[in-house]
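Enquirer: Can you keep this structure in mind? I'll have questions shortly.
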Amino acid sequence: MLDIMRNKNKIKRFMSFQLHELEAVKEYLEEMSLKGWMIEKIKFIGNGYNSNFIFRSGAYFTFKKIKPQKLYFSVDSYGIPANSFGSPYNSLNEFIDYCTNAGWKYICHDQLIYIFCSSSPNTIPIQTDDNIKLEFTKKSEIKFNLINFIFLLLTCSPFLFNVSFSDYITSNTLILSSILITIATFFCIYNILNFGIWYKKAKKSLEIGSNIKYKTYKSVKTKNISTKILTSLILLFIAYMFVYEVLFKRLFIPCFIIFLLTLITIYICSKLFISKKEKFISIATTSICSIFIIGIIISNSNFINNHEIISGRTPNSLSFRFLRHDEVPINVDDFGINQYTYKDTQANYSKSIAAEILECNDKSFSDIKCEVQDHYITYSVFHSKYQWVLDHYLSDKLSDNTGEFSKTYDTFWSADEVYYNEKENAYIMVYNDSIVLFSGDINYNKNNIRFIESQLLQI
Amino acid sequence: MARKKFKTLTEQMYYILLSLTEPCCGIDIMNKVLSLSNQRIQVGPGTLYTLLGNFQESGFIQEIPALGRKRNYTITDLGKKALKTEYARLLSMVNDSEKHIEKL
């Protein structure tokens, strides 16, 4: 899915790997050269430190057509400053010179990964000290994984704020994103464990003086399939969020501007600072700031709730569907309240595979500025096929108002269970497959209750 | 920290320092190590590059001005001291084991 065909003489391939799996990359390149494809360019996703959104996915390899032949590759990571001392003979040139002298042909590099090629199997390896290699791999891998973990946490942070159970269970976006985040977290932990176990084994074999056993191409290949599937899923999910949530809810423009500003800042930072540390700090700060700003915008605009915000009075800039005062199932007029007052109706409707909810808030005012409140009703209908969802929702609502709701039997409601809050004049009714919350300054007589039930339970 | 890293020198480190007792550029070190060790020790270019950087950082070697674009290095007093310490250690190892090995 992620493989891109360019033309017949060049192909692009994507491969996901960790730093201790470079031997597998080497095997892969050798296999490709036997098939007549020579590596030409390697490019990591992103710019290294924040090279991916959830976990470090890997790199693109560009191959060009050659005569099939047996070639030997060296793929290793080195911490070589790209440009030191500002002299034309910089560290990179020096490093490449050393390798050329030893019989290795420099092919390409990106970030820390350098690829060399040789036609003889007897060329002296570029790295002859396993201790140095192991320590460097450990350092880089830990750094990468830590950054991945921080990014993972930042990615889910907007979802962790301000989300109640009913918001969560009635939103497909939230359910889907939490599943994806869980998978990604497991993947991240798996990567760390995978490396940790390998490192421990490698360290032990160094201590007893035997060779380090590296991962083979075969084992990395299997992992690659799952990584590709997960990456595609996440990309699809982002596309879905973008189209459905961002575009429809008109968050597109502010988010796009912030995204653009972030890219510009990162670009300027990468040009402005030469030292890696400064670069990293500036890029990380920019990314974190923009993620937070976007998170705040999103969480303040009902993005994560998957709600349609319905407002009867003032057009809400973020909503895309309005409901008139007489379009909600019940409004204050239904209880014979003064027809000449000014009204404010707000309603949210949200539906997911697990549950759906309708929340409505209807007020009437006796002045045009809507300051003196006359009457109000507030209700919500929560509907779900799953008993545990209903149970959870009910206990959530009861514990929200600890001690205020108490079970009552002396009512006209036809519900299985009824809870009453005297202070707020509010009821919670538990029906077969839905839970209704109702409060308002109305008279709960037999007729009104029949009317409410007939209106709300058919939703 | 840097000193601790080189408490004992590995074979490759030892031979690199040994070959830098005369000023020499990086590329020549590889060949020099090979001939000093009678073709026994090979230093890979990547390892050499890393070790030269580490040595320079901890003051064991220093860069000396040179004509052309190649960078030349020479050992410092600190490096000499480290080399001598290692030499003494190796010598004592040989001396300590001499009698026992002969018996074998």
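Enquirer: I'd like the FRET efficiency for A:Gln458 and A:Ser232, computed as 1/(1 + (r/R0)^6) with the beta carbon distance as r and R0 of 41 Å, rounded to 0.05.
Expert: Computed FRET efficiency for A:Gln458 and A:Ser232 comes out at 0.50.
Enquirer: Need the full-extension length gain, A:Tyr267 to A:Tyr240, defined as separation in residues times 0.36 nm minus the C-alpha distance. One decimal, nm. All intermediate terms of the calculation are to be shown ahead of the outcome.
Expert: Details: separation 27, 0.36 × 27 = 9.72 nm, distance 2.75 nm.
Computed gain between A:Tyr267 and A:Tyr240 is 7.0 nm.
Enquirer: While we're here: Would you list B:Thr85, A:Thr170, A:Thr411 from the most to the least accessible area, probe 1.4 Å?
Expert: On the way: B:Thr85 85, A:Thr170 0, A:Thr411 40 Å².
The ranking, largest first, comes out as B:Thr85, A:Thr411, A:Thr170.
Enquirer: Now for a different question. Amide H of A:Ile66 versus every other amide H placed in the peptide plane: which residues, excluding those fewer than 5 positions away on the same chain, fall under 5 Å?
Expert: Close amide H contacts, sequence-distant or interchain: A:Trp37, A:Met38.
Enquirer: Please report, in debye to the nearest 20, how large the charge dipole of region A:417-459 is about its Cα centre when each Lys and Arg carries +1 at its beta carbon and each Asp and Glu carries -1 there. Intermediate results must be reported in sequence, preceding the final value.
Expert: Working: 3 positive and 6 negative charges, 31 e Å.
With only Lys, Arg, Asp and Glu charged at Cβ, the dipole is about 140 debye.
Enquirer: Of A:Lys423/A:Lys446; A:Lys65/A:Lys228; A:Lys26/A:Lys201; A:Lys12/A:Lys276; A:Lys67/A:Lys221; A:Lys41/A:Lys133, which pairs sit farther than 27 Å apart, going by alpha carbon to alpha carbon? Can you show the working numbers first?
Expert: On the way: A:Lys423/A:Lys446 21 Å; A:Lys65/A:Lys228 25 Å; A:Lys26/A:Lys201 21 Å; A:Lys12/A:Lys276 29 Å; A:Lys67/A:Lys221 25 Å; A:Lys41/A:Lys133 23 Å.
In this structure, A:Lys12/A:Lys276 exceed 27 Å between Cα atoms.
Enquirer: Which order do B:Glu102, A:Glu30, A:Glu417 take when ranked by solvent-accessible area (1.4 Å probe, heavy atoms of all protein chains), largest first? Intermediate values should be presented prior to the final figure.
Expert: Working: B:Glu102 140, A:Glu30 30, A:Glu417 60 Å².
My answer, sorted largest first, is B:Glu102, A:Glu417, A:Glu30.
Enquirer: Let me ask something else. Note down the relative contact order for chain B as a percent, whole number, built from C-alpha pairs under 8 angstrom at least six residues apart.
Expert: Values: 100 pairs, mean separation 28.4, N = 104.
Once divided by the residue count of chain B, the mean separation gives 27 percent.
Enquirer: May I pose another question? With all protein chains present and a 1.4 Å probe, how do A:Tyr106, A:Tyr78 order by accessible area, largest first? Don't skip to the answer; put the middle values down first.
Expert: Working: A:Tyr106 70, A:Tyr78 10 Å².
The ordering from most to least exposed comes out as A:Tyr106, A:Tyr78.
Enquirer: Still on this structure: Which one of B:Leu9, B:Ser92, B:Met30 has its Cα pushed farthest toward the positive end of the charge dipole of chain B, where Lys and Arg give +1 and Asp and Glu give -1 at the Cβ?
Expert: B:Leu9
Enquirer: Now a separate question. Give me the one-decimal nm value for the distance between modelled label points at A:Ile258 and B:Lys80, 7 Å along each residue's Cα-to-Cβ direction.
Expert: 6.3 nm
Enquirer: I'd like the Karplus ³J(HN,Hα) series for region A:220-227: coefficients 6.51, -1.76, 1.60, θ = phi - 60°, whole numbers in Hz, and an x wherever there's a Gly or Pro.
Expert: Listing the rounded values in order: 6, 4, 4, 5, 4, 4, 5, 4 Hz.
Enquirer: For every helix of n ≥ 4 consecutive DSSP H residues, a contribution of -39,500 (n - 2.57) applies; sum these over chain B, divide by its total residues, and give [θ] at 222 nm rounded to the nearest 500 deg cm²/dmol.
Expert: Working: 5 runs with 64 residues, N = 104.
That comes out to -19500 deg cm²/dmol.
Enquirer: Full extension from A:Asp416 to A:Lys385: what is 0.36 nm times the residue separation minus their Cα-Cα distance, to one decimal in nm? Don't skip to the answer; put the middle values down first.
Expert: Working: separation 31, 0.36 × 31 = 11.16 nm, distance 1.61 nm.
Here the segment from A:Asp416 to A:Lys385 would lengthen by 9.5 nm.
Enquirer: Using a 10 angstrom cutoff on alpha carbons, build the Gaussian network for chain B and name the most mobile of B:Asn38, B:Asn54, B:Asn72.
Expert: B:Asn38
Enquirer: For a label point 7 Å from the Cα of B:Lys70 along Cα→C-beta, name the residues of region B:11-52 whose backbone N is under 11 Å from it.
Expert: Taking a point 7 Å out along Cα→Cβ of B:Lys70, the residues of region B:11-52 whose backbone N falls under 11 Å are B:24-32.
Enquirer: When all protein chains stay in place, what accessible area (Å², nearest 10, 1.4 Å probe) is found for A:Leu235?
Expert: Approximately 80 Å² for this residue.
Enquirer: Let me ask something else. In nm, give the distance between the simple-model label positions of B:Ala88 and B:Gln42, each being 7 Å from the Cα along the Cα-to-Cβ direction.
Expert: 3.5 nm
Enquirer: Dipole of region A:368-459, Cα-centred, from +1 at each Lys and Arg C-beta and -1 at each Asp and Glu C-beta, to the nearest 20 debye? Mind showing how you got there, number by number?
Expert: On the way: 7 positive and 14 negative charges, 46 e Å.
So the dipole magnitude of region A:368-459 works out to roughly 220 debye.
Enquirer: Between 0 and 90 degrees, rounded to the nearest ten: what's the tilt of helix B:26-36 against the longest Cα principal axis of chain B?
Expert: Orientation of helix B:26-36: about 20 degrees from the principal axis.
Enquirer: A:Arg13 accessible area, nearest 10 Å², 1.4 Å probe?
Expert: 60 Å²
Enquirer: Follow-up question, since we're still on this one. Once amide H atoms are built 1.01 Å from N in the peptide plane, which residues 5 or more positions from A:Cys108, or in another chain, come under 5 Å H to H?
Expert: Amide H to amide H, under 5 Å and 5 or more residues apart or across chains, A:Cys108 pairs with A:Ile115.
Enquirer: If you don't mind, there's one more thing I want to ask. In square angstrom, rounded to the nearest 10, how much accessible surface does A:Thr408 have for a 1.4 Å probe?
Expert: The accessible area of A:Thr408 comes to roughly 30 Å².
Enquirer: Here's something else I'd like to know. In nm, give the distance between the simple-model label positions of B:Asn54 and A:Lys12, each being 7 Å from the Cα along the Cα-to-Cβ direction.
Expert: 3.9 nm
Enquirer: Can you find, among A:Phe187, A:Tyr199, A:Thr170, the residue sitting farthest towards the positive end of the charge dipole of region A:164-220, where Lys and Arg contribute +1 and Asp and Glu -1 at Cβ?
Expert: The residue sitting farthest along the positive end of the dipole is A:Tyr199.
Enquirer: Which of the lysines could a cross-linker span from B:Lys84 if the Cα-Cα distance has to be under 16 Å and same-chain partners fewer than 8 positions apart are dropped?
Expert: Hits, sequence-local ones excluded: B:Lys7.
The values are calculated or read from the model by the stated rules, or taken from the named source; none is laboratory data. Please read these numbers as outputs of a predicted model, since none were measured by experiment. All Cβ positions, glycine included, derive from the backbone under ideal geometry; neighbour counts span all protein chains shown. Surface accessibility is based on the protein's heavy atoms, side chains included, excluding ligands, DNA and RNA. Shrake-Rupley method; radii C 1.70, N 1.55, O 1.52, S 1.80 Å.
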